[in-house]
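Undergrad: Sharing a structure here in structure tokens format.
The values are calculated or read from the model by the stated rules, or taken from the named source; none is laboratory data. Only a predicted model underlies this, so the values are computations on that prediction, with no experimental measurement involved. Cβ coordinates were reconstructed from backbone atoms using ideal geometry, including for glycine residues, and neighbour counts include every protein chain displayed.
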């Protein structure tokens, strides 16, 4: 079989989160060649940044490690991190993709000894922890990163610290000569699973995110609660590191709002209910208030909501919070709004506010480099102008982790069928 024909039987999966990995694995285990492309320096996507996830409320690494092992042992899967699709043309059975790979400046000789990080003095905001702490410019993305290999930030690689890292590495793993690489790929079909980005809460100016240190987002709390997170797993006030006593969760922060995200992301209520258990486990006497428009807990998750409702330390207020003010001296917060059930005004105190921001599809910002079709919110539409391209997971609609796995499997089947039917 010629190389060209062999490549024409390949499925391209864009996005290495839970959806993309599921699609790649199902297609490869069905006997098809797969190329998996991921923009981050590791696979696992946002699931890797969770403390616990539904339905078992267990750490995500158990499920991720199973997938990593399946990828390692499957010769039909080739994956590229720090990579993106530059262009995509053609049609079913005959797509031409141009792939761009950004330099990692650390090659496959890396043994994760950390000597390069010890040698480097420059620090950068930690992207894995949403910038809540800083790491050396030579860093391991996270404790169980796959591939398990350090990254040298471009700002370090191009400065004097790059030479220090190179000299410190006794294995020859630091390669400062790395440059952007491009390669062409011929594929039969494409699964687009680039996931989501938390909505930028700083755009909701009346909540003070980015101005008040003790107003954080739900994804930030998720990292804070993790033992490998910026506070070693302790939920504290960012302003002074004090323990929390009164935590407010504001639902639909920027969601179901025509000025921000007009739609419901579906999982935010469950995320806040889950995170309330994080707080309660650490602080049995802490008071939690959930300010909500509607609590949406689909199908089997309703039981979880009922359980949280029974907790006397968790109070639910159907409301709209209109403004947050800060006591500059102590960092305490005052929430102003209306109880929509009673019509009474709300003026409540909190020492930590968590904004439940929605899921914005990455395709609303970084479009598929082809003649693709989207809905009014930027999600990949079910019917595509060019056949053979299939949106999956949160590129297609807001979904939880379990549904992402199902959606990845479904997209893999469609991608296979596109080859068979051409």
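Undergrad: Which condition does residue 386 not pass, out of (1) in a loop (DSSP other than H, G, I, E, B); (2) modelled with pLDDT of 95 or more, if it passes all the others?
TA: Condition (2) is where residue 386 drops out.
Undergrad: Please find, within segment 224-238, the residue that is nearest to the chain's Cα centre (by Cα) out of those that are part of a loop (DSSP other than H, G, I, E, B) and within 11 Å of residue 214 (Cα to Cα).
TA: If we take residues in segment 224-238 being part of a loop (DSSP other than H, G, I, E, B) and within 11 Å of residue 214 (Cα to Cα), then 238 is nearest to the chain's Cα centre (by Cα).
Undergrad: Moving to a separate point now. Collect the residues in segment 404-422 that are under 19 Å from the mean Cα position of the chain (by Cα) and crowded, with 18+ Cβ neighbours inside 10 Å, keeping them in residue-number order.
TA: 404, 405, 407, 408, listed by residue number.
Undergrad: Which members of segment 257-285 meet the condition of being more than 19 Å from residue 226 (Cα to Cα) and in contact with a helix residue (DSSP H, G or I) (Cβ under 6 Å, 6 or more places away or on another chain)?
TA: Scanning segment 257-285 gives no hits.
Undergrad: What single numbered condition from (1) within 23 Å of residue 296 (Cβ to Cβ); (2) surrounded by fewer than 22 Cβ atoms within 10 Å (Cβ to Cβ) fails to hold for residue 372?
TA: For residue 372, the exception is condition (1).
Undergrad: In this structure, is residue 401 under 21 Å from residue 27 (Cα atoms), modelled with pLDDT of 95 or more and surrounded by 17 or more Cβ atoms within 10 Å (Cβ to Cβ)? If you could, list the steps in order and put the result at the bottom.
TA: Values: under 21 Å from residue 27 (Cα atoms): yes; modelled with pLDDT of 95 or more: no; surrounded by 17 or more Cβ atoms within 10 Å (Cβ to Cβ): yes.
No; evaluated as a whole, the condition is false for this residue.
Undergrad: A further question on this structure: Quick check, is residue 216 within 22 Å of residue 398 (Cβ to Cβ), modelled with pLDDT of 95 or more, within 21 Å of the chain's Cα centre (by Cα) and surrounded by 17 or more Cβ atoms within 10 Å (Cβ to Cβ)?
TA: The answer is yes for residue 216.
Undergrad: Right, something else. Hey, any hits in segment 157-170 for a residue that's surrounded by fewer than 15 Cβ atoms within 10 Å (Cβ to Cβ), at pLDDT 95 or above and touching a helix residue (DSSP H, G or I) at 6+ places or on another chain (Cβ under 8 Å)?
TA: Checking segment 157-170: at least one residue is surrounded by fewer than 15 Cβ atoms within 10 Å (Cβ to Cβ), at pLDDT 95 or above and touching a helix residue (DSSP H, G or I) at 6+ places or on another chain (Cβ under 8 Å).
Undergrad: Kindly evaluate residue 185 against the criterion of being surrounded by fewer than 19 Cβ atoms within 10 Å (Cβ to Cβ) and in a strand (DSSP E or B).
TA: So residue 185 fits the description; yes.
Undergrad: In the list 267, 235, which residue meets the criterion of being farther than 24 Å from residue 133 by Cα, assigned by TED's automatic domain parsing to the domain that holds residue 287 and touching a residue at least 24 places away in the same chain (Cβ under 8 Å)?
TA: When all the criteria are applied, what remains is 267.
Undergrad: Can you confirm whether segment 239-246 contains a residue that is surrounded by fewer than 22 Cβ atoms within 10 Å (Cβ to Cβ), more than 20 Å from the chain's Cα centre (by Cα), free of Cβ contacts under 8 Å to residues at least 40 places away in the same chain and part of a loop (DSSP other than H, G, I, E, B)?
TA: yes
Undergrad: Name every residue in segment 65-92 that is at pLDDT below 95 and touching a helix residue (DSSP H, G or I) at 6+ places or on another chain (Cβ under 6 Å), in order of residue number.
TA: The one that is at pLDDT below 95 and touching a helix residue (DSSP H, G or I) at 6+ places or on another chain (Cβ under 6 Å): 92.
Undergrad: May I pose another question? Taking segment 375-398 on its own, how many of its residues are more than 20 Å from residue 199 (Cα to Cα) and surrounded by fewer than 16 Cβ atoms within 10 Å (Cβ to Cβ)?
TA: Within segment 375-398, residues that are more than 20 Å from residue 199 (Cα to Cα) and surrounded by fewer than 16 Cβ atoms within 10 Å (Cβ to Cβ) number 5.
Undergrad: Out of the residues in segment 159-182 meeting the condition of being without any contact (Cβ under 8 Å) to a residue 60 or more places away in the chain and part of a loop (DSSP other than H, G, I, E, B), tell me which one is nearest to residue 105 (Cα to Cα).
TA: Of everything passing the filter in segment 159-182, 177 is nearest to residue 105 (Cα to Cα).
Undergrad: Given (1) surrounded by fewer than 17 Cβ atoms within 10 Å (Cβ to Cβ); (2) in contact (Cβ under 8 Å) with a residue 60 or more places away in the chain; (3) touching a helix residue (DSSP H, G or I) at 6+ places or on another chain (Cβ under 9 Å), identify the lone condition not met by residue 352.
TA: Result: residue 352 passes all but (1).
Table: residues versus (1) in a strand (DSSP E or B); (2) outside the structural domain of residue 22 (by TED's automatic domain parsing); (3) crowded, with 17+ Cβ neighbours inside 10 Å.
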| site | (1), (2), (3) |
| --- | --- |
| 62 | no, no, no |
| 68 | no, no, yes |
| 87 | yes, no, no |
| 110 | no, yes, yes |
| 132 | no, yes, no |
| 135 | yes, yes, yes |
| 148 | no, yes, no |
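Undergrad: Could you tell me which of the residues 175, 200, 257 is modelled with pLDDT under 95 and either touching a strand residue (DSSP E or B) at 6+ places or on another chain (Cβ under 8 Å) or within 30 Å of residue 399 (Cβ to Cβ) (or both)?
TA: Exactly one residue qualifies, and that residue is 257.
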